Amino acid sequence: MNLFTFRLRSLVVLGSVLSFAVFCSGFSPAFAQTVQILGIDPLKSASYECLRYGDPKLSQIQITSKNGTSKSVKKKKAKRTLNRSRKVAKKRLRSAKKRLKKLNKKISKLASSLFLSVEQQNRLQELKDKRTQVEARVVELEGNVGAISELIQRIPACFEVAPVNGQVEIVSGTYLRDNGKVYFYAGIITRWDNYSGNQEVCAQVAGNSVPVDNASGSYQLEAPAVSSFLPRYQMCYVRNLNEPSGCYVRLDGYANPMVGMAGEQAPGTCFYPETCSLSAALSILNKRLSEITFHVLPSCS
């Protein structure tokens, strides 16, 4: 049963109809992915990201080096690479601790003398300065070992089924239509992460049950009621009505429209003045966005 109310109104701009959030496809969800930052290997300054696909078995770990080159590997390869880094970090940590121990012995022996010459005093200060440096190095290496260990622990989760997550955000921009004029679009959408496709997602939404004047939209039930969503992949946000499969603006990943405006970027020439410019539309939508709260539910029951 569809649990959310849907209201879609077309904007009439200079006698032409510009439909908002028309669902067009033509892309395969099999190629969809979300990127989750896992962390950084501080020893190599390499970043690790989880590339999620519809099937967790297809997930990959993307490793980006400090010079910007990237490679994608599976779980075992990523863990082996990190284990090598941790081994090197532990070896360096042991070496730094040994050096610190030796410095402490030298400082203790020299400081135990009742009378120190100027040369001995200078030597003692040098040793203390070195100790400060080595202590900082020990702290740094301990942090490196800990960071790498935590990163290793995060790797397996990339290959497990992750819960669907959604967030509400504003998308906006301008584009050139076939008539050579510049048009704008601005809307609030729900963007979905970890969605594998073909299943309903439910959430409790507050603040988007009342239509916005002169805007198209899909208005949800007011929380604590439950609204259902069927996320669309590579959704056509602004359609080219002159072509059967034409699209001016397409969104990446999975998304659903909530409310939006579109029109010619020419203030004062539209039928509705508040929808005649991108800045005016964003002012209205930002107010609506501040009123929306969104909570994804683990199930629709």
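So which of 239, 250, 288 is within 22 Å of residue 166 (Cβ to Cβ), open to solvent by 50 Å² or more (accessible area, probe 1.4 Å) and of a type outside the set (Asp, Glu)?
Of the residues listed, the single one that is within 22 Å of residue 166 (Cβ to Cβ), open to solvent by 50 Å² or more (accessible area, probe 1.4 Å) and of a type outside the set (Asp, Glu) is 250.
When you go through (1) more than 30 Å from residue 286 (Cα to Cα); (2) over 23 Å from the mean Cα position of the chain (by Cα); (3) β-branched (Val, Ile, Thr) one by one for residue 212, which number turns out not to apply?
Every condition holds for residue 212 apart from (1).
Given (1) within 26 Å of residue 289 (Cβ to Cβ); (2) in contact with a Phe, Trp or Tyr (Cβ under 9 Å, 6 or more places away or on another chain); (3) not polar (S, T, N, Q), where does residue 169 come up short, assuming only one miss?
That leaves (2) as the condition not met.
Only one of (1) more than 30 Å from residue 128 (Cα to Cα); (2) touching a residue at least 40 places away in the same chain (Cβ under 8 Å) fails for residue 86. Which number is that?
Tallying (1) more than 30 Å from residue 128 (Cα to Cα); (2) touching a residue at least 40 places away in the same chain (Cβ under 8 Å), residue 86 fails exactly one: (1).
Name every residue in region 13-66 that is over 16 Å from residue 78 (Cα atoms), at pLDDT 50 or above, in contact with a strand residue (DSSP E or B) (Cβ under 9 Å, 6 or more places away or on another chain) and surrounded by 13 or more Cβ atoms within 10 Å (Cβ to Cβ), in order of residue number.
33, 34, 53
Show me the strands (runs of 3 or more DSSP E) found entirely inside region 119-230 where at least 3 residues are crowded, with 17+ Cβ neighbours inside 10 Å. Explain how you work it out, then say what you get.
Values: elements: 165-176, 182-193, 201-206, 227-229.
Ranges flagged: 165-176, 182-193, 201-206.
Out of all the residues in region 102-111, is one or more outside any helix (DSSP H, G or I) and more than 30 Å from residue 82 (Cβ to Cβ)?
no
Taking the conditions exactly as written (surrounded by 15 or more Cβ atoms within 10 Å (Cβ to Cβ), within 30 Å of residue 162 (Cα to Cα) and under 42 Å from the mean Cα position of the chain (by Cα)), does residue 93 satisfy them or not?
Working: surrounded by 15 or more Cβ atoms within 10 Å (Cβ to Cβ): yes; within 30 Å of residue 162 (Cα to Cα): no; under 42 Å from the mean Cα position of the chain (by Cα): yes.
When the stated conditions are applied, residue 93 does not pass them.
If we only count strands (runs of 3 or more DSSP E) wholly inside region 39-83, which ones have 1 or more residues that are of a type in the set (Phe, Trp, Tyr) and touching a Ser or Thr at 6+ places or on another chain (Cβ under 9 Å)?
Details: elements: 46-52, 60-64, 70-73.
Qualifying strands (runs of 3 or more DSSP E): 46-52.
Does residue 193 satisfy the criteria of being in contact with a strand residue (DSSP E or B) (Cβ under 6 Å, 6 or more places away or on another chain) and of a type in the set (Asp, Glu)? Give the derivation first.
Working: in contact with a strand residue (DSSP E or B) (Cβ under 6 Å, 6 or more places away or on another chain): yes; of a type in the set (Asp, Glu): yes.
Yes, satisfied.
Please state which one of 109, 181, 128 is basic (Lys, Arg) and closer than 30 Å to residue 240 by Cβ.
Just a single option satisfies the conditions, and that option is 181.
Sort through 160, 150 and tell me the only one that's within 30 Å of residue 85 (Cα to Cα), charged (D, E, K, R) and at pLDDT below 90.
None of the others qualify; the one that does is 160.
Which condition number in (1) of a type outside the set (Ser, Thr, Tyr); (2) out of contact with any Gly (no Cβ under 9 Å at 6 or more places or on another chain); (3) more than 30 Å from residue 53 (Cα to Cα) is the one that residue 222 fails?
(2)
Can we say residue 274 is of a type outside the set (Ser, Thr, Tyr) and either at pLDDT 90 or above or touching a Pro at 6+ places or on another chain (Cβ under 9 Å) (or both)?
Spelling it out, it is not the case that residue 274 is of a type outside the set (Ser, Thr, Tyr) and either at pLDDT 90 or above or touching a Pro at 6+ places or on another chain (Cβ under 9 Å) (or both).
The values are calculated or read from the model by the stated rules, or taken from the named source; none is laboratory data. As the structure is a computational prediction, the values presented were derived from the model and not from experiment. Note: ideal-geometry Cβ built from the backbone for every residue, glycine included; neighbour counts use all protein chains shown. For accessibility, only protein heavy atoms count, side chains too; no ligands or nucleic acids. Shrake-Rupley method; radii C 1.70, N 1.55, O 1.52, S 1.80 Å.
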